[in-house]
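**Q** Got a structure here, written out as structure tokens. Questions coming.
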């Protein structure tokens, strides 16, 4: 049976909202129904997060960014696989 992670008391909370809550908040701001501040309060999402998503900031994934596109990476893997099978056939 896998262990279940329990957050330590007093530790920093990351992402205490769902993706649907974030989408609702962004939609409300972009449609002009409410301000960023009101949307962040209503949907319990940090102000900076709503601001960044509404203004299109921080679109990259967390961590290191890949050098190759996924298409180039797949093509490279296929090529290596092909050459590997040719070498093993000799």
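Every read-out reported here was derived from the displayed coordinates using simple, explicitly stated rules and does not represent laboratory data. Being a predicted model, the structure only gives us computed values, none of them experimental. Cβ: placed from backbone, ideal geometry, glycine included. Neighbour counts: every protein chain shown.
**Q** Can you give the percent of C-alpha pairs in region 10-59 whose distance is more than 13 Å?
**A** Of all Cα-Cα distances in region 10-59, 52 percent exceed 13 Å.
**Q** Right, something else. Within 10 Å of each residue's Cβ, count the other Cβ atoms and sort 51, 83 from fewest upward.
**A** So the residues, fewest neighbours to most, are 83, 51.
**Q** Which semi-axis lengths, in whole Å and largest first, follow from the square roots of five times the eigenvalues of the Cα gyration tensor of the chain?
**A** Each semi-axis is √(5λ); the values are 43, 22, 11 Å.
**Q** Treat the count of other C-beta atoms within 10 Å as a stand-in for reagent exposure and order 80, 36 from fewest to most.
**A** Ascending number of Cβ neighbours within 10 Å: 80, 36.
**Q** Remind me, relative contact order of the chain in percent, using alpha carbon pairs under 8 angstrom and six or more residues apart?
**A** 18
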